[in-house]
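Enquirer: Provided herewith is a single structure, encoded as structure tokens, for subsequent inquiry.
The values are calculated or read from the model by the stated rules, or taken from the named source; none is laboratory data. Because the structure is predicted, anything quoted here is derived from the model rather than measured. Here the Cβ positions follow ideal geometry from the backbone for every residue, glycine too, while neighbour counts run over all protein chains shown. In case anyone asks, the SASA skips ligands and DNA or RNA and just uses the protein heavy atoms, side chains included. Shrake-Rupley method; radii C 1.70, N 1.55, O 1.52, S 1.80 Å.
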Amino acid sequence: MDFVADALFDGRKFRSLTIVDNFSRYCHAIRVGKSIKGIDVVEALETLKRENGTVPKRIQVDNGSEFISKDFDRWAYENKVVLDYSRPGKPTDNPFIESFNGSFRDECLNVNWFLSLDDAYEKISNWVQEYNTFRPHSSLNELTPAQFVANCKQNEY
């Protein structure tokens, strides 16, 4: 997980919480908000928990205030999730999210004008859908993240 900052057409700032699985490159969610706090991170993870019926064993994050909050720490403890913090100033400790965020910025944020937070959410959601289901990744043997996840699930049974 990580954050990416951008602005609406009128200069008002907003942030995006990006949640990506390192193994499958699947983007589980991008949450958009004027400000996103630790409790908002917890709410996003609880939504994913309800939708997927599971939680990750480990989450890689930086040392941002949202990720060192008591709310987030409590959630991780209660859900038996290991928090793997990168070293301060070392984005290379979490290269997959940094690569994803670069693609997200280049292919979505830099090519769209966002008129409102709702507009940003809609355009970003459309980009996530395309990223997960249309774009093959060389690291996944030219499968899309959604195809890769489906293959993994099929092979589990």
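Enquirer: Run the helix sum for the chain: -39,500 (n - 2.57) per DSSP H stretch of 4+ residues, divided by residue count, reported at 222 nm to the nearest 500 deg cm²/dmol.
Expert: It comes out at -13500 deg cm²/dmol, rounded to the nearest 500.
Enquirer: Show me 9-16, 61-68, 92-99 ranked by packing, highest mean number of other Cβ atoms within 10 Å first.
Expert: Going from most to least packed, we get 61-68, 92-99, 9-16.
Enquirer: Hey, another quick one. Sorted by average packing, counted as other Cβ atoms within 10 angstrom per residue and highest first, what order do 113-120, 134-141 take?
Expert: The packing order, highest mean first, is 113-120, 134-141.
Enquirer: Please report, for the Cα atoms of segment 1-77, the Rg to one decimal and the Dmax as a whole number; what are they, in angstrom?
Expert: Considering segment 1-77 through its Cα atoms, Rg and Dmax are 12.8, 40 Å.
Enquirer: Can I ask one more? Please tell me which of these pairs span more than 22 angstrom C-alpha to C-alpha: K90/K123; K34/K123; K49/K90; K13/K49?
Expert: Those over the limit are K90/K123; K49/K90; K13/K49.
Enquirer: At 1.4 Å probe size, put C152, C108 in order of accessible surface, largest to smallest.
Expert: Per-residue accessible area, sorted high to low, gives C152, C108.
Enquirer: List residues of segment 95-120, by number, whose backbone nitrogen lies under 20 Å from a label position 7 Å along Cα→C-beta of K57.
Expert: Answer for this model: 95-97.
Enquirer: Let me ask something additional. Counting each pair of different Cα atoms once, what's the Kirkwood radius of segment 38-128 in Å, rounded to one decimal?
Expert: Values: mean 1/r = 0.0671 Å⁻¹.
Result for segment 38-128, one decimal place: 14.9 Å.
Enquirer: Pop out the carbon and sulfur fraction of the accessible area of the chain as a percent, whole number, probe 1.4 Å.
Expert: 51
Enquirer: Counting C-alpha atoms alone, how compact is segment 83-157: give Rg to one decimal and Dmax as a whole number, in angstrom.
Expert: Rg then Dmax for segment 83-157, in Å: 15.3, 46.
Enquirer: To continue, here is another question. Taking only protein heavy atoms into account and a 1.4 Å probe, give the accessible area per residue of segment 2-155 in Å².
Expert: Dividing the accessible area of segment 2-155 by its residue count gives 59 Å².
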